[in-house]
Amino acid sequence: MKRPLKEDSKSSHKGCRRGHHMGSNAKSVVDLMENSSGVHFSGFHLNGVLDARNSEVEQPTTSAAEHAPKQPFVIGVAGGAASGKTPVCDMIIEQLRDQRVVLVNQDSFYHNLTEEELSRVHEYNFDHPDAFDTEQLLCAMEKLKHGQAVDIPKYDFKSYKNVFPARRVNPSDVIILEGILIFHDPRVRDLMNMKIFVDTDADVRLARRIRRDTVEKGRDINTVLDQYSKFVKPAFDDFILPTKKYADVIIPRGGDNHVAVDLIVQHIRTKLGQHDLCKIYPNLYVIQTTFQIRGMHTLIRDSQTTKHDFVFYADRLIRLVVEHGLGHLPFTEKQVITPTDSVYTGVDFCKRLCGVSVIRSGESMENALRACCKGIKIGKILIHREGDNGQQLIYEKLPNDISDRHVLLLDPILGTGNSAVQAISLLVKKGVPESNIIFLNLISAPQGVHVVCKRFPRIKIVTSEIEVGLNKDFRVVPGMGEFGDRYFGTDDDDQPPVVPL
């Protein structure tokens with residue numbers, strides 16, 4: 001199989017990188033995405049997704065955050081030729097119409113062919129990684145990620161060269177990068193917050209390619225089949241298919257799979273809300289989202305879910321949040337001898353720890369904390385809400401030595417943030433350093449995150465999902481209702497009937 005020669009354009013990309021870093025003080029943000037075990041859900045395969053952006057948020061108060069450019073959410077869409085990548089991208093763009101979205105095609109970054117290559121163009125492999133100017137693609141993507149407009153080349157498949165004028169692409173909230181080989185280079189993969197692989201049967205892809213090349217490009221069918229067998233299929237097997245393992249989401253049937261695309265868009269919207277707040281507030285931690293977690297959220301948010309199921313799935317989510325919160329406690333190195341007489345170097349748990357629950361919803365999180373931390377002390381704070389914005393401390397019972405401990409503050413809902421501020425203020429007044437407080441909750445409204453993080457920038461907030469916001473009644477939406485009533489079974493609908501004696 002003949003492969004195209006790879007032009008050396010690394011020096012131009014290095015110059016691009018050098019010029020950018022000289023002109024910007026911004027620190028690039030790296031979104032760590034851990035892969036969970038693969039599961040099948042509603043017609044597509046998920047390996048684990050993580051992190052992105054929501055509606056407008058207040059500007060950070062720290063000078064570093066004020067000058068940091070907003071990092072876009074980058075979605076990579078890969079797959080074989082004619083697999084349906086373009087319809088998938090179009091559907092995502094259509095459903096994200098309220099976001100600023102731009103599409104960057106890898107096809108725009110083909111190398112210009114030399115005269116010698118043009119003379120034998122039918123022997124040129126356009127599906128080989130070396131056919132693309134990856135350095136130019138990296139340079140363009142880096143500029144977009146740092147808030148700079150770029151000129152994307154227009155590649156003419158008749159002359160096999162870039163034509164002018166180039167397409168001007170402005171910085172956006174969401175960038176979709178589409179192409180057959182965008183997962184091949186690890187540097188390009190590292191740019192992405194979400195990686196989607198469109199997986200379509202080879203026969204379907206071939207039929208689509210024949211129709212496209214003969215009808216739209218006027219090519220002879222024998223030429224199309226010859227090119228497919230000589231270049232397209234071997235390149236797919238050698239270079240494209242192996243990159244499927246890097247995908248976070250695998251969509252069978254491409255744009256025909258509307259259920260999968262709809263679920264992906266819902267997931268993107270959730271991650272968009274978390275993405276911005278986590279960049280503004282480095283002390284905000286949202287646990288990695290999987291469709292197991294989304295499924296549990298779906299159940300506990302459903303108004304028709306029974307009390308038994310609500311408690312069961314709420315407890316599962318609470319346990320995940322507690323475990324994640326414990327991971328932010330300080331640890332000391334410890335060596336132990338294993339049963340095989342080997343030395344294992346590990347860590348020792350933080351011993352000076354206590355929990356504090358905000359009565360009464362916060363008490364629902366106590367069992368999970370006790371299950372994770374044997375014999376832990378748990379204090380109580382009762383705050384009475386006066387109207388929608390005022391709070392009054394009614395009762396507190398805290399360990400006498402709480403100022404010497406790390407504190408896990410427990411409250412499943414962070415709404416306006418006013419109650420949280422009252423509770424944290426009490427802890428600080430008792431001598432607990434801000435940096436020793438970890439606030440654990442299931443859901444957080446952006447307004448509450450702003451209020452707490454701006455007032456106490458050194459505490460940590462650990463949550464499982466960022467909400468859309470608050471409604472006119474200051475209730476979290478979409479929310480899950482009155483958590484304490486649903487958890488403890490004290491809402492009116494669940495009251496048992498009174499049997500007369």
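Between HIS122 and ASP348, 0.36 nm times their residue separation minus their Cα-Cα distance comes to what?
Residue separation times 0.36 nm, minus the Cα-Cα distance, leaves 74.9 nm.
Just order 277-283, 372-378 by mean Cβ neighbour count inside 10 Å, highest at the front, would you? It would help to have the intermediate numbers written out before the result.
Numbers: 277-283: 20.3, 372-378: 13.9.
Highest-to-lowest ranking by the protection proxy: 277-283, 372-378.
Hey, got the dipole for the stretch 309-398? About the Cα centre, +1 on K and R Cβ, -1 on D and E Cβ, debye to the nearest 20?
Roughly 280 debye, rounded to the nearest 20.
Pairwise over distinct Cα atoms, reciprocal of the mean inverse distance: report the Kirkwood radius of the stretch 356-467 in Å, one decimal place.
Across the stretch 356-467, the inverse of the average 1/r is 14.0 Å.
Whole angstrom only: what separates the Cα centroid of the stretch 201-254 from the Cα centroid of the stretch 317-353?
50
Just need the relative contact order of the stretch 281-489 here, percent rounded to a whole number, with Cα pairs under 8 Å and 6+ apart.
Values: 376 pairs, mean separation 47.6, N = 209.
This gives 23 percent for the stretch 281-489.
Which whole-number value in Å³ per residue fits the convex hull of the alpha carbons of the stretch 405-494?
It comes to 104 Å³ per residue, whole-number rounded.
Where does each of LEU329, LEU103 land when they are ranked from fewest to most other beta-carbon atoms within 10 angstrom? Write out the running numbers ahead of the final one.
Details: LEU329 16, LEU103 19.
So the ranking, lowest neighbour count to highest, is LEU329, LEU103.
In nm, give the distance between the simple-model label positions of SER403 and LEU426, each being 7 Å from the Cα along the Cα-to-Cβ direction.
According to this spin-label approximation, the distance is 1.8 nm.
How do the peptides 211-217, 429-435 rank, highest first, by the average count of neighbouring beta carbon atoms within 10 Å per residue?
My ranking of the peptides, most packed first, is 429-435, 211-217.
With N residues in the stretch 281-489, what two-decimal value do you get for its Cα radius of gyration over 2.2 N^0.38 Å?
Working it through for the stretch 281-489, the quotient is 1.05.
How big is the convex hull of the Cα atoms of the stretch 183-277, per residue, in Å³?
126
Quick check of the Kirkwood formula: for the stretch 169-328, what is the inverse mean of 1/r over all pairs of different Cα atoms, in Å?
Working: mean 1/r = 0.0511 Å⁻¹.
Hydrodynamic radius (Kirkwood, Cα pairs) of the stretch 169-328 is 19.6 Å.
Using a 10 Å cut-off on Cβ atoms, rank the peptides 346-354, 465-473, 284-292 from the highest mean neighbour count down.
Values: 346-354: 13.1, 465-473: 16.1, 284-292: 19.2.
The peptides rank, most packed first, as 284-292, 465-473, 346-354.
Coordinate-derived values only; no laboratory data. All figures in this text were calculated on a predicted structure; none of them were measured in a lab. Reconstructed Cβ throughout: ideal geometry from the backbone, glycine too, with neighbour counts over all protein chains shown.
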